[in-house]
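To start, the structure itself, in structure tokens.
Please treat every number below as a calculation from the coordinates, not as lab data. A quick note: this is a predicted structure, and the numbers were derived from the prediction, not measured. Don't worry about glycine lacking a Cβ; one is built from the backbone with ideal geometry, like all the others, and counts go over all protein chains shown.
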Amino acid sequence: MKKIILLGIVILVLVSFVNAEEQSLGTFKKGECINLIQNCANCTYVNFTKVLYPDSTEALGNVESTKVGSIFNYTFCNTSKLGTYIVYGIGDVSGTPTIFAYTLKVNTEGIEEKVYIILIVLIITSYFLIIFGILKQDPIFTMIGSMVLLLTNVYISINGFMEFNNYVVQGFALVNMAIGSYVLLKTGIEWIQYVSGKN
């Protein structure tokens with residue numbers, strides 16, 4: 001029992017070290033300017049010494065930041081590449097030069113990856129509703145599924161998917177929009193004809 005508790009404590013300590021090392025400014029949209037910030041109450045200066053593109057080429061050299069209170073800021077606008085950027089800097093914490101580093105992500109939409117999981121779930125759910133509606137001969141489920149499929153893929157077509165907005169993503173979205181439109185129209189026409197025939 002003591003070994004299990006000890007193992008649990010070791011795992012918690014290791015996880016806290018990993019989380020402490022992974023500092024991120026967040027996720028931003030491609031082409032937009034980003035405020036690189038560093039909070040330091042005991043600093044007289046903070047310089048951003050380097051920003052690296054996702055392919056490790058240099059996006060920014062040594063620049064001075066502006067200070068407002070304890071926040072140091074530099075506006076960075078070279079966000080033309082998709083992926084994870086690494087930001088390096090140095091500040092004089094209580095008179096001692098101290099190096100810092102963090103990451104930021106740039107993608108086509110400026111949103112976290114969690115949103116993409118929602119898009120995938122919506123696509124899978126819409127196909128499930130379409131198939132369920134067809135098998136049960138329920139036009140409501142079929143039309144709801146096709147509308148969700150259509151709207152989700154219109155969103156993907158406009159904004160891209162994750163770090164991708166290329167011909168493959170556009171083709172995928174167009175195929176799904178075509179399927180959604182066809183199923184919606186066909187089911188709607190058949191439902192109208194069925195309702196008209198009953199009257």
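Observations on the structure shown:
- Count of residues meeting criterion [surrounded by fewer than 16 Cβ atoms within 10 Å (Cβ to Cβ), part of a helix (DSSP H, G or I) and in contact with a Phe, Trp or Tyr (Cβ under 9 Å, 6 or more places away or on another chain)] in the range 132-144: 3
- Number of positions in the range 43-63 that are part of a strand (DSSP E or B) and surrounded by 13 or more Cβ atoms within 10 Å (Cβ to Cβ): 10
- Number of residues in the range 105-119 that are out of contact with any Phe, Trp or Tyr (no Cβ under 9 Å at 6 or more places or on another chain) and either polar (S, T, N, Q) or in a helix (DSSP H, G or I) (or both): the value is 4.
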